[in-house]
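Below: the structure, in C-alpha cells.
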Amino acid sequence: MKLKHLAALSLLFSMTFAACSDNTDTIGQSLTDNMDHVQIYTDTFTVTTRSIEAGAVVSRTQTGLIGRIKDPETGAYITGDMMTQLHIPEGFYMISKDSLINVSPDGQIYADSCSIRYYYNSFLGDSLATMKATLYELEKPVEEGQRYYSDFDPIEKGYIRTAEGAIKKQKSYTLHDYTIGKSGSIKISLNDPYTDRNGKTYNNYGTYLMRSYYEHPEYYKNSQKFIYNVCPGFFLKTDAGIGSMANIVFTEIDIYFHTYRNDSTIVNTIPISGTEEVLQLTKVSNDNEAIKQLVSDNTCTYLKTPAGIFTEMTIPVEKIMNGHANDTLNTAKVALTRINNIIKDNNQMKTPSTVMMILKDSVDVFFDKNKVPNNRDSFLALTSGNTYTFNNISNLIRLMYRHKQEGKASEDWDKVLIIPVTTTTQTLNNTTTIVKVDYDMSLTSTRLVGGSENPHNDITLSVIYSKFSDH
C-alpha cells in the first residue's frame, strides 16, 4: 500500500511538472532519482479523424427552432418546426369564479382573449425577413417514453387534429421586435371560435381552457392529466419565407380576463407554459446533398448542427498499449484545433461552445437513458480559443483495450464521436453538477484540423505511463 501511495504522489508531481514545462524529456529521470520504485514514461501518438453525417438525432431539447435560413457555408436551406406540450405545475389554480366579471347572461364564464407566444432569446438571419408559419392543434398527445428523432413529423404521423373548429392558424411575422438583452416572441392569436372534441363551441380557446378547469379541476392536477384530457399540444410549422431562424426558449399560452379588486376592474392573465418537464421536439429539415459535400471534404472535419455533421476519431489503442499492458496509463490528452472560418458573412453561424467525446457504440444508449458524461466512456470539452481539449481520456483507452482483450470489441471498438451538445446544470450547497445533456439543436458550425488529406500538423495524443520498478 505504501508503494501505491508513493506512485500516486509521483504521478501528482509529474502532472504538475508537465503543466508548467513544455519539456517532459527529463520527467522520468527527475522522478526516479527520488522515487526508485516508480518509473515514468511519456509517448505521443497520431490519431485520425473524419466527418460523418449525423442523420436524424434524438430531438428532445430545452429549446426549439422556428424559421428557414440559407446556410452561409453551403448555400443550402435549413428549416425548423416545433412541437410543444404545456406544463401544469404543482399547485396550479385559476382565480375563484366569484371574482370574475366575465360572466355571460346565462351564467357562463368566458375569457376576453387568448394567445400563444413562442419566446426566443436569439436568432440567426435578418430580423426584418417576412416569415409565414401555421399553428396546428394536436389530436392526441405525442407519448412519453419513446425515442423521437429530428425528422419526426406530427403531420405525417397523424397527430394533427383536423375536425371543424380545431385550431389551424396561419401567421406572418418578422423578428424585428427583438432587442439586445431581452426576449422577443412570435405571438399567435387564439381568439377564433373553438370547438372541442365533444363538439362544444366556445368564443375562443381561452374560454375553453377556463371552463375545462372549473368543470374538471382534476384535469389540472398535473401535466399528464392536462395533456391527455384538455390540451395534447401544438405544432408550429414553417410554411414560407427565407431569412430568419429563431431559437425558441419557451412557449406560453396567455388567457386574459377581468376581475373586481377594491372597487376597480383589473385585467388578469393566466399563463400556461411549455417547459422541459414536458415534450418539446424540433423537426429539422437539412439539405442532405449539401451535407454530403462537406463530409466528402477530407482536408478537414466538421462539427455542424442541428442534425448535421459529427467528427469521428479513431484512437490507436493497440499501439498505445503495446508493451505497456502491465503499466499504469496515467494520462492521455488530445486537443482538436479549429480552423478559422473563411466566411465573412454577418450571418455566419456561431461555433459550438461545448462538445462531447463518446464511444461511438454508446451514443444511442447515452441519449436514450438521459445519461451524463462520466469521464469513463464520455467526456466534455469547452471551446477555449481555437481548441477543444480533452485533458485525460486514459479511462476510455483502458476500457477500449479491455473490450478488445475480452473479445467484446465491435467493429467500431476504437472509435469515438465528437458531438456538439448543450448541458443543464443544478447547484446544491454551492456545488454545480451537470444533470442533463442534449444534442445541440441550435445553428452552429466549425471546421477542425484533421481528415485523411489533412494539410496541417497531425492530431496527436500525448500519454504518460508509470510502473513499479523491479529493483
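The values are calculated or read from the model by the stated rules, or taken from the named source; none is laboratory data. Keep in mind that this is a model prediction, so the values were computed, not measured. Ideal geometry is used to build each Cβ from the backbone, glycine not excepted, and the neighbour counts take in all protein chains shown. Remember, those area values only see protein heavy atoms, side chains included, never the ligands or the DNA or RNA. Shrake-Rupley method; radii C 1.70, N 1.55, O 1.52, S 1.80 Å.
Observations on the model:
- Which listed residue is open to solvent by 10 Å² or more (accessible area, probe 1.4 Å) and either at positive phi or part of a strand (DSSP E or B) (or both), from Tyr228, Tyr256, Tyr213, Tyr219: Tyr256
- Odd one out for Ile69 among (1) open to solvent by less than 20 Å² (accessible area, probe 1.4 Å); (2) assigned to a loop (DSSP other than H, G, I, E, B): (2)
- Test for Ala307: is it among the hydrophobic types (A, V, I, L, M, F, W, C), surrounded by fewer than 21 Cβ atoms within 10 Å (Cβ to Cβ), touching a residue at least 24 places away in the same chain (Cβ under 8 Å) and not in a strand (DSSP E or B): no
- Test for Lys350: is it of a type outside the set (Ser, Thr, Tyr), open to solvent by 30 Å² or more (accessible area, probe 1.4 Å), modelled with pLDDT of 85 or more and in contact with a Ser or Thr (Cβ under 7 Å, 6 or more places away or on another chain): yes
- Among (1) more than 15 Å from Glu312 (Cα to Cα); (2) open to solvent by 30 Å² or more (accessible area, probe 1.4 Å); (3) not basic (Lys, Arg), the one test that Ser442 misses: (2)
- Qualifying residue in the range 56-77 (condition: of a type outside the set (Val, Ile, Thr), out of contact with any Phe, Trp or Tyr (no Cβ under 7 Å at 6 or more places or on another chain), at pLDDT 85 or above and closer than 30 Å to Asn391 by Cβ): no
- Lone qualifier among Ile291, Ile320 - being surrounded by 18 or more Cβ atoms within 10 Å (Cβ to Cβ), at pLDDT 95 or above, touching a strand residue (DSSP E or B) at 6+ places or on another chain (Cβ under 8 Å) and in a helix (DSSP H, G or I): Ile320
- Scanning the range 245-288 for residues that are aromatic (Phe, Trp, Tyr) and touching a strand residue (DSSP E or B) at 6+ places or on another chain (Cβ under 6 Å), we see that the one that is nearest to Thr79 (Cα to Cα) is Phe250.
- Residue that is nearest to Arg68 (Cα to Cα), among those in the range 413-432 that are open to solvent by 70 Å² or more (accessible area, probe 1.4 Å) and either in a strand (DSSP E or B) or among the basic types (Lys, Arg) (or both): Thr425
- The number of residues in the range 100-124 that are in a strand (DSSP E or B) and either surrounded by fewer than 19 Cβ atoms within 10 Å (Cβ to Cβ) or not β-branched (Val, Ile, Thr) (or both) comes to 14.
- Looking across Val365, Val334, one residue alone is assigned to a strand (DSSP E or B) and at negative phi. It is Val334.
- Asn457 being surrounded by 13 or more Cβ atoms within 10 Å (Cβ to Cβ) and polar (S, T, N, Q): no
- Verdict on Ser466 being open to solvent by less than 20 Å² (accessible area, probe 1.4 Å), over 21 Å from Ser353 (Cα atoms), part of a strand (DSSP E or B) and at pLDDT below 95: yes
- Yes/no for Lys97 being open to solvent by 60 Å² or more (accessible area, probe 1.4 Å) and in contact with a Gly (Cβ under 8 Å, 6 or more places away or on another chain): no
- All of Leu417, Leu428, Leu380, Leu461 fail the test of being aliphatic (A, V, I, L, M), within 21 Å of Val363 (Cα to Cα) and out of contact with any helix residue (DSSP H, G or I) (no Cβ under 7 Å at 6 or more places or on another chain), apart from Leu380.
- Annotation note: of Ser150, Ser189, Ser127, Ser172, the sole residue that is of a type outside the set (A, V, I, L, M, F, W, C) and buried (at least 18 other Cβ atoms within 10 Å of the Cβ) is Ser150.
- Boolean, Ile248 is open to solvent by 30 Å² or more (accessible area, probe 1.4 Å) and in a strand (DSSP E or B): no
- Meets criteria (in contact (Cβ under 8 Å) with a residue 40 or more places away in the chain and more than 27 Å from Ser353 (Cβ to Cβ)) for Arg398: yes
- Any hit, the range 131-146, residues being in contact with a Gly (Cβ under 7 Å, 6 or more places away or on another chain) and farther than 17 Å from Leu281 by Cβ: yes
- Here Glu143 meets the list (1) acidic (Asp, Glu); (2) in a loop (DSSP other than H, G, I, E, B); (3) touching a residue at least 40 places away in the same chain (Cβ under 8 Å) almost entirely, failing just condition (3).
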